[in-house]
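Undergrad: Following this message is one structure expressed as structure tokens.
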Amino acid sequence: MNHEPFFTVTGLTAGYGGPDILRGVEFSAAPGLITGILGANGSGKTTLLKAVCGLLPHGGQSLLEGCDLGSLPPRQLARRCAYIPQRSGIGIDISVLDVVLMGYNPHLGLLERPTAQMKAAARRALALTGLAGREEENYQTLSEGQKQLCILARTLVSGAQLLLLDEPESALDFQLRYRMLHLLRRWVRQGRRGVLAALHDPMLALSCCDRLLVLQEGRTLAVLSPADDLLPELESALSAIYGPVSLTACPGRDGRRHLVMLSEEQEENEPWNL
Amino acid sequence: MASPTRWRKAGGLCAGAGILLVVLGLCSLFVGKYPLTLEGLLAGDDMQVRVFWTLRFTRMLVGVLGGFALGASGFVYQTVFRNPLASPDVIGVSSGASAGAAAGILFCSGTAAVTACSFGGAIAAVFAALALAALDCSGRGSTIVLAGIAVHALAQTVLICLKLTADPERQLASIEYWIMGSLNGISLHSAAVNMALCAVVMAVLFALHRQVILLSAREDEARMLGVPVGKLRLVVLLAATLTVSCVVSLTGLISFIGLLAPHGARLLTRSNRMGTMVLSGLLGGVLLCAADLLARSLAETELPVSIFTSLLGAPFLIWLVVRGRRSL
């Protein structure tokens with residue numbers, strides 16, 4: 001696998017008008033990798049994703065193959081980088097297929113309409129995400145998890161090299177969240193591509209991400225490699241954000257090392273006193 | 001095969017609404033105090049031909065095209081603002097047009113001058129709202145709504161001041177009559193420019209339908225889909241407002257159509273595709289033509305159109321809501 005820098009973030013600072021939430025985040029990622037962002041609530045996971053794609057005023061740089069994402073106009077940016085928010089803001093009656101076809105917008109002229117080939121590719125993307133046959137359903141009637149999968153299909157057809165995902169698993173059940181991450185693994189291996197995903201579930205992150213960016217109070221605490229790093233090193237970084245945890249390595253049926261994380265928080269023995 | 005079914009449904013509804021609009025348009029040509037007959041017109045009866053071209057044809061044209069424009073622009077406002085209650089009033093176009101018309105009645109003479117002043121007032125209100133919204137660098141969609149409320153309040157104040165200075169016998173009555181809205185007394189000369197501009201701008205809006213739908217996404221999401229949100233929203237709102245201004249500067253204020261027609265179209269098609277936007281326009285035309293027919297035939301004196309748009313609109317909306325609930 002090619003490990004030269006594909007995506008580099010240097011000195012990234014950002015906030016919402018008050019004190020900075022991000023205070024100089026730095027990391028880099030090679031192509032073909034899924035990088036998970038872990039951190040406690042309020043540590044800056046969402047802020048990092050929004051700053052990377054220029055949705056928030058920020059300092060520092062986010063370079064994708066040497067190109068500063070913050071300096072790109074919306075159309076150029078959307079061709080290189082796609083963002084999936086925690087909840088999509090589409091609030092009108094619109095078909096599932098039409099939502100996916102929105103992903104082609106950066107490649108279409110102002111008055112152009114999606115071609116038959118684009119529609120066929122959109123249907124294939126829906127099939128990949130498990131929504132085959134639901135193309136003409138109203139997007140509003142889908143469950144939150146299915147909406148996330150539909151938005152993922154839209155992202156897959158966009159042709160972007162870098163996917164930014166904000167807690168994509170939050171509305172998905174056990175099976176669907178692993179299906180989504182496995183789909184992303186397949187996608188990211190197809191060329192010079194990368195995924196940066198803020199994840200709420202550390203077990204999912206340990207299982208499916210190639211690299212883990214651990215944030216604490218808006219700074220990079222550690223960059224981990226779950227497949228290669230020693231358990232004490234991983235435990236130390238994760239304990240800093242989740243409290244005392246222990247990791248156990250379990251071999252999967254595929255022979256790969258899988259990590260199980262347990263909380264070692266001691267139960268308080270003081271009498272219940274309300 | 002849901003897609004063709006849905007398209008046929010929208011197509012069928014558009015065809016039905018189109019036929020109804022043609023029928024109402026034809027009725028509009030022949031209903032009124034002066035009786036017109038097809039035989040008389042074909043025989044070249046001088047008086048009938050003159051009434052046809054100076055009164056009835058213009059009235060039909062403004063009813064059909066004006067109603068279509070109000071309905072289609074209502075669709076655009078509701079989609080872009082992501083607000084089911086959005087209408088031209090949201091960014092102050094109606095109140096700006098009223099203040100402009102009142103100034104025209106007070107300081108100019110002639111219908112064409114009042115139309116021009118009203119158009120100027122509407123456009124000035126829109127530019128004021130958009131300029132105020134641009135002062136907020138955050139780019140939030142709600143800013144333009146707040147700016148519109150401020151401009152609406154300002155235009156209402158100007159209108160009250162103009163009314164206070166108006167001659168109560170003549171000018172004040174004219175201002176009130178204008179505000180009530182009517183398709184009466186519009187000359188082909190003054191309507192031609194407005195309707196031509198209206199048709200051109202509407203064509204632009206229909207061409208931008210895909211972009212209008214993209215603007216319905218949350219701002220961050222739309223930006224990450226490659227949409228230059230600020231610029232595009234400005235262009236789309238300006239086009240929609242130009243369309244409405246072209247109509248209300250001729251007719252005076254006509255309530256409810258821009259709100260009702262898109263709701264009706266959406267409840268019938270359950271989508272926001274191009275067919276729904278066309279249906280919004282057709283339903284707008286049907287409503288305005290029907291209201292105008294009633295306004296000129298129910299009483300000795302002509303009644304304000306808005307009374308009938310509201311009287312027709314409210315039960316229709318209730319029926320659509322009840323029907324919609326059953327189908328869910």
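The values are calculated or read from the model by the stated rules, or taken from the named source; none is laboratory data. All values reported here derive from a predicted model rather than from experimental measurement. Quick reminder, even Gly has a Cβ in these numbers, built from the backbone with ideal geometry, and neighbours come from all protein chains shown.
Undergrad: Counting just the residues of region B:236-259 that are among the small types (Gly, Ala, Ser) and surrounded by fewer than 24 Cβ atoms within 10 Å (Cβ to Cβ), which one comes out modelled with the lowest pLDDT?
TA: B:Ser255
Undergrad: Touching a Cys at 6+ places or on another chain (Cβ under 8 Å), outside any loop (DSSP other than H, G, I, E, B) and closer than 23 Å to A:Leu48 by Cα: which single residue out of A:Leu156, A:Leu164, A:Leu126, A:Leu152 fits that description?
TA: A:Leu164
Undergrad: Can you go through A:Val195, A:Val260 and tell me which one is under 25 Å from A:Ser43 (Cβ atoms), at pLDDT 90 or above and in a strand (DSSP E or B)?
TA: So the residue among A:Val195, A:Val260 that is under 25 Å from A:Ser43 (Cβ atoms), at pLDDT 90 or above and in a strand (DSSP E or B) is A:Val195.
Undergrad: In region B:168-216, which residues are outside any loop (DSSP other than H, G, I, E, B), within 14 Å of another protein chain (Cβ to nearest Cβ) and not charged (D, E, K, R)?
TA: B:Ala203, B:Val204, B:Leu205, B:Phe206, B:Ala207, B:His209, B:Gln211, B:Val212, B:Ile213, B:Leu214, B:Leu215
Undergrad: Is one or more of the residues making up region A:26-43 farther than 14 Å from A:Arg219 by Cβ and within 14 Å of chain B (Cβ to nearest Cβ)?
TA: Step one: filter region A:26-43 for residues farther than 14 Å from A:Arg219 by Cβ, giving A:28-36, A:41.
Within this subset, residues satisfying the condition of being within 14 Å of chain B (Cβ to nearest Cβ) are none.
No, every residue in region A:26-43 fails to be farther than 14 Å from A:Arg219 by Cβ and within 14 Å of chain B (Cβ to nearest Cβ).
Undergrad: In this structure, does A:Leu172 turn out to be part of a strand (DSSP E or B) and either more than 14 Å from A:Ile34 (Cβ to Cβ) or more than 14 Å from chain B (Cβ to nearest Cβ) (or both)?
TA: no
Undergrad: State yes or no: is B:Ser271 of a type in the set (S, T, N, Q), surrounded by fewer than 24 Cβ atoms within 10 Å (Cβ to Cβ), touching a residue at least 12 places away in the same chain (Cβ under 8 Å) and within 14 Å of another protein chain (Cβ to nearest Cβ)?
TA: Spelling it out, B:Ser271 is indeed of a type in the set (S, T, N, Q), surrounded by fewer than 24 Cβ atoms within 10 Å (Cβ to Cβ), touching a residue at least 12 places away in the same chain (Cβ under 8 Å) and within 14 Å of another protein chain (Cβ to nearest Cβ).
The rows are residues; the columns are (1) closer than 30 Å to B:Leu293 by Cβ; (2) aromatic (Phe, Trp, Tyr); (3) touching a helix residue (DSSP H, G or I) at 6+ places or on another chain (Cβ under 7 Å).
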| site | (1), (2), (3) |
| --- | --- |
| B:Gly71 | yes, no, yes |
| B:Phe81 | no, yes, yes |
| B:Gly100 | yes, no, yes |
| B:Gly121 | yes, no, yes |
| B:Ala128 | no, no, yes |
| B:Asp136 | no, no, yes |
| B:Thr143 | no, no, yes |
| B:Lys163 | no, no, yes |
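Undergrad: Of all residues in region A:75-86, which are at the interface with chain B (Cβ under 7 Å from one of its Cβ atoms), within 20 Å of the chain's Cα centre (by Cα) and more than 20 Å from A:Phe6 (Cα to Cα)?
TA: Within region A:75-86, just A:Pro85 meets the criteria.
Rundown of residues vs (1) modelled with pLDDT of 90 or more; (2) crowded, with 21+ Cβ neighbours inside 10 Å; (3) more than 25 Å from A:Pro57 (Cβ to Cβ); (4) not acidic (Asp, Glu), yes/no style:
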residue: A:His3; (1), (2), (3), (4): no, no, yes, yes
residue: A:Val9; (1), (2), (3), (4): yes, yes, no, yes
residue: A:Ala14; (1), (2), (3), (4): yes, yes, no, yes
residue: A:Gly17; (1), (2), (3), (4): no, no, no, yes
residue: A:Glu26; (1), (2), (3), (4): yes, no, no, no
residue: A:Ala29; (1), (2), (3), (4): yes, yes, no, yes
residue: A:Leu33; (1), (2), (3), (4): yes, yes, yes, yes
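Undergrad: Okay, next question. B:Lys9 fails exactly one of the following numbered conditions: (1) basic (Lys, Arg); (2) surrounded by 15 or more Cβ atoms within 10 Å (Cβ to Cβ); (3) away from chain A (no Cβ under 14 Å). What is the number of that condition?
TA: With respect to (1) basic (Lys, Arg); (2) surrounded by 15 or more Cβ atoms within 10 Å (Cβ to Cβ); (3) away from chain A (no Cβ under 14 Å), B:Lys9 is out only on (3).
Undergrad: Of the residues B:Leu293, B:Leu303, which single one is outside any helix (DSSP H, G or I) and either of a type in the set (D, E, K, R) or away from chain A (no Cβ under 14 Å) (or both)?
TA: Working: B:Leu293 fails: outside any helix (DSSP H, G or I).
One residue alone meets the criteria, B:Leu303.
Undergrad: For region A:87-122, which residues satisfy the criterion of being closer than 20 Å to A:Leu181 by Cα and either over 20 Å from the mean Cα position of the chain (by Cα) or away from chain B (no Cβ under 11 Å) (or both)?
TA: Correct list: A:Val100, A:Ala122.
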